[in-house]
Amino acid sequence: MNSSAARRFCRLRPRSMIQQSIRRNVSSSSITDRMPKGAWDSHMHVTSPDYPLAKTAAYKPSLHSLDHAMAFEKTIGINNIVLVQPSIYGNDNSCLLDALKEIGPERGRGVVAFDPDDIASDTLKQWHALGVRGVRLNFKSTNEPFDPEVVKKTLRKYADIVKPLDWVVELFIDLEQLRFITDVVPELGVKVCIAHFGAPDMKRWPSYPSDASNVPGMQHLTTLLSQADNLWVKLSAHYRYDIDAESMAGSEAIAKLLLNTAKDRMVFASDWPHTRFEGLDVKPFVSRCLDWTEELGGAKDLVFRDNAKRLWDCA
């Protein structure tokens, strides 16, 4: 059955049958055999109740240690990881930094959070030596109102701080809010990475799952990708946004649009341990990402390895 016929067949089947089919496909073709050697997972978290939570923490974490993380990565054939500061710890990066010390900079990178008005350059240099290569700005899972002028000022401030170290400014932001910062991103002078497909609101996608350019805010993202060579996107966390997370129809359409726009600036990420979705089996998504990148000649090595090495300053 060709791919277009298979997609039509999937749309006609009940959700349970779709999930069973996805599982069969994953088990019949080993992910580890298909994964490029030296691949990177560009977004995951380690958490532990032993570390103090921020007052604004939205949930209490279970134990998801580095050992747990690497055991998961082994199941998908990945040895290199990027640890991202979860919002529950605020600006206390202790949990992440301890994990980075354990894994080492050869196999690990980190994206931290800090107060731009209270950070010493020596601290940044120490973190850099451990493998930190980015700062995360969370404009989504907070209670702060989105003020475009404040956001622009914040972006410039962080960019000026991390520019000497060639770090990444990672944004967790609603896709529809990108329109407010399209003018500032190209002029920041640092790499900017958008998390989780840009956090699209697929419920407001009028033609779901066809024509991904109709996703609210998507045209701002693709235009910016075409015009700003410092913009990157993580293909990750489909289950948080796709209204049919089992078939991944919306995620597929968006992924293919983004890959065709800038395949040299897309990176794969698992979003393990799927906070507030614990227990999720992400292997079907990993398998589909392999499918999508294999269909686009030469994209698999880029998305799973080479792009990540450039983004995160890996030798």
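Numbers at a glance
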| item | result |
| --- | --- |
| Of residues in segment 220-236 being of a type in the set (A, V, I, L, M) and free of Cβ contacts under 8 Å to residues at least 60 places away in the same chain, the one surrounded by the fewest Cβ atoms within 10 Å (Cβ to Cβ) | 228 |
| Candidate set from segment 179-196 (those that are among the aliphatic types (A, V, I, L, M) and either buried (at least 19 other Cβ atoms within 10 Å of the Cβ) or assigned to a helix (DSSP H, G or I) (or both)); member that is nearest to the chain's Cα centre (by Cα) | 195 |
| Filter result for the condition that a residue is hydroxyl-bearing (Ser, Thr, Tyr) and either more than 21 Å from residue 141 (Cβ to Cβ) or without any contact (Cβ under 8 Å) to a residue 40 or more places away in the chain (or both), over 47, 56, 32 | 32 |
| Where residue 42 falls short, out of the listed (1) within 19 Å of residue 102 (Cα to Cα); (2) part of a loop (DSSP other than H, G, I, E, B); (3) touching a Ser or Thr at 6+ places or on another chain (Cβ under 8 Å) | (2) |
| Tally of residues being modelled with pLDDT of 95 or more, farther than 19 Å from residue 111 by Cβ and either surrounded by fewer than 19 Cβ atoms within 10 Å (Cβ to Cβ) or in contact with a Ser or Thr (Cβ under 7 Å, 6 or more places away or on another chain) (or both) across segment 288-315 | 6 |
| Segment 32-69, subset surrounded by fewer than 16 Cβ atoms within 10 Å (Cβ to Cβ) and among the hydrophobic types (A, V, I, L, M, F, W, C), residue modelled with the lowest pLDDT | 58 |
| Residues that are closer than 19 Å to residue 237 by Cβ, more than 18 Å from the chain's Cα centre (by Cα) and not β-branched (Val, Ile, Thr), drawn from segment 65-114 | 68, 89 |
| Residue that is nearest to residue 307 (Cα to Cα) [pool: residues in segment 29-50 that are of a type in the set (Ser, Thr, Tyr) and in contact with a strand residue (DSSP E or B) (Cβ under 8 Å, 6 or more places away or on another chain)] | 42 |
| Strands (runs of 3 or more DSSP E) within segment 72-153 that include 1 or more residues aliphatic (A, V, I, L, M) and closer than 17 Å to residue 164 by Cα | 108-112, 132-138 |
| Residue within segment 158-178 that is over 24 Å from residue 307 (Cα atoms), aliphatic (A, V, I, L, M) and part of a helix (DSSP H, G or I) present | no |
| Members of segment 243-277 found to be under 16 Å from residue 41 (Cα atoms) and hydrophobic (A, V, I, L, M, F, W, C), listed by number | 266, 267, 268, 269, 272 |
| Those residues of segment 149-165 which are within 23 Å of the chain's Cα centre (by Cα), of a type in the set (A, V, I, L, M, F, W, C) and within 16 Å of residue 181 (Cα to Cα), in sequence order | 151, 155, 159 |
| Selected residue (criterion: surrounded by the fewest Cβ atoms within 10 Å (Cβ to Cβ)) from residues of segment 197-219 that are in a helix (DSSP H, G or I) and either touching a residue at least 24 places away in the same chain (Cβ under 8 Å) or among the β-branched types (Val, Ile, Thr) (or both) | 203 |
| Scan of segment 242-258 for residues that are of a type outside the set (Asp, Glu) and assigned to a helix (DSSP H, G or I), ordered by number | 249, 250, 251, 253, 254, 255, 256, 257, 258 |
| Any hit, segment 259-277, residues being without any contact (Cβ under 8 Å) to a residue 60 or more places away in the chain and in a loop (DSSP other than H, G, I, E, B) | yes |
| Residues that are surrounded by 16 or more Cβ atoms within 10 Å (Cβ to Cβ) and among the hydrophobic types (A, V, I, L, M, F, W, C), drawn from segment 131-152 | 132, 135, 137, 139, 151 |
| Single match in 290, 231 (criterion: farther than 27 Å from residue 66 by Cα and either touching a helix residue (DSSP H, G or I) at 6+ places or on another chain (Cβ under 9 Å) or not aromatic (Phe, Trp, Tyr) (or both)) | 231 |
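The values are calculated or read from the model by the stated rules, or taken from the named source; none is laboratory data. Values in this document were obtained by computation on a predicted structure and should not be read as measured data. Cβ: placed from backbone, ideal geometry, glycine included. Neighbour counts: every protein chain shown.
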